[in-house]
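The block underneath contains the structure these notes are about, expressed in C-alpha cells.
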Amino acid sequence: MKVETLKVTKSATARGITGAMLTGIPLIVSAMMIAIAHNNPVILAKGGAAATHDENGFFFVATQITAAAEVLGFGTMIAWIYAREFMDNTAIGLAMLPMSRHITMTAKFLVYAAWTLVTHLLLAIVMLLLAVGFRFGFPTEAHILRFLVLGVLTLLATPIIAWVSVCTRSLIAGCGTALALIILGQFGTLLGANSGWMPPAVPALWALQIIPTTTPQLLVFLALSAGFAGLTYARWSRMQLA
C-alpha cells in the first residue's frame with residue numbers, strides 16, 4: 001500500500017492529471033456561466049431551460065462538465081496506475097514480490113479510490129468558492145450532496161477502464177475507453193426516460209435529477225462496476241507479467 005501511494009504522490013503524471021482537473025474544470029464552468037450571463041445563443045440552446053445565471057444553473061453546468069471531465073481524468077489515472085507497470089517494464093518485479101497478486105491489485109485500487117475521492121472533494125470546495133464568487137450564494141445541502149455522490153458514482157464507472165488497460169497493457173487503450181464512456185454517456189441522455197439504462201449516463205443523471213434514475217438502473221450500474229472489477233482481478237491474477 002505504501003509503495004503504491006508513493007508511486008502516485010511522486011509521479012509527475014499523477015500531479016499533472018490532478019492539476020488539470022482542479023484548474024481546467026472550474027475554468028470551463030466559469031466560461032460557461034459567463035457565456036450564459038451574456039446570453040450566448042449556442043450555450044443557451046445547448047443548456048435549454050436549465051441554463052440560467054443563478055444557483056440552479058451553476059449546479060447544472062458544474063455537474064454536467066464535471067461528470068464528463070472526471071470520467072476522462074479518473075479514467076486516465078486508473079489506466080496509468082495499471083498500464084504503467086508494463087510501460088515502465090516493472091511488471092516482472094511485481095511477479096517476484098512475496099505477496100499475492102490480489103494484494104497488489106487491491107492496493108492499487110485503494111490508492112486510486114483514495115486519490116479519486118480526495119480530488120473530487122477538492123474540486124467540490126473549488127466549485128463552492130466559485131459559486132460564492134459568482135454571488136450565487138452558498139449551495140443548498142441537496143446540491144452539495146448530489147455533487148459529492150457524483151464523484152463516488154464516477155469512481156464506480158471506471159473499473160472497465162482498468163480491465164481494458166490490464167488486458168491490453170496499454171495506457172492509450174484505457175484512455176480510449178474513457179472517451180468511449182463519455183460518448184456513450186452523452187448518447188444515453190438522448191434516450192429520454194430510458195436514459196438510466198445506459199450505465200455510463202447514470203452518474204450525471206443521478207446527480208442532475210432531470211430524468212429520474214430508478215433503483216433497477218442503479219443496480220445494473222453497480223453490478224457492471226463489480227463485474228468489471230472482478231474481471232480485472234481475474235485477468236491480473238492469471239496473466240504473464242514478465
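Here are the numbers for the structure shown:
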| quantity | calculated |
| --- | --- |
| Hits in segment 29-85 - residues which are of a type in the set (Gly, Ala, Ser), closer than 30 Å to Glu4 by Cβ and modelled with pLDDT under 90 | Ala83 |
| Residue selected from segment 1-30 under the condition over 22 Å from Lys108 (Cβ atoms) and small (Gly, Ala, Ser), by the criterion surrounded by the most Cβ atoms within 10 Å (Cβ to Cβ) | Ser30 |
| Hits in segment 48-89 (condition: of a type in the set (A, V, I, L, M, F, W, C) and farther than 30 Å from His38 by Cβ) | Phe74, Met77, Ile78, Ala79, Trp80, Ile81, Ala83, Phe86, Met87 |
| Flag for Leu110 being within 21 Å of Tyr82 (Cβ to Cβ), under 20 Å from the mean Cα position of the chain (by Cα), surrounded by fewer than 21 Cβ atoms within 10 Å (Cβ to Cβ) and in contact (Cβ under 8 Å) with a residue 40 or more places away in the chain | yes |
| Test for His143: is it under 24 Å from Ala201 (Cβ atoms), crowded, with 21+ Cβ neighbours inside 10 Å and modelled with pLDDT under 95 | yes |
| Any hit, segment 185-197, residues being crowded, with 23+ Cβ neighbours inside 10 Å and in contact with a Gly (Cβ under 6 Å, 6 or more places away or on another chain) | no |
| Met21 vs. criteria under 30 Å from Trp115 (Cα atoms), in contact with a Phe, Trp or Tyr (Cβ under 7 Å, 6 or more places away or on another chain) and assigned to a helix (DSSP H, G or I) | no |
| Any pair with Cβ under 9 angstrom, 6 or more apart, that starts in segment 186-203 at a residue that is assigned to a helix (DSSP H, G or I) and ends at one that is among the acidic types (Asp, Glu) and buried (at least 20 other Cβ atoms within 10 Å of the Cβ) | Pro203/Glu70 |
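The values are calculated or read from the model by the stated rules, or taken from the named source; none is laboratory data. What you see is a predicted model; the values in this text were computed from it and never measured. Ideal geometry is used to build each Cβ from the backbone, glycine not excepted, and the neighbour counts take in all protein chains shown.
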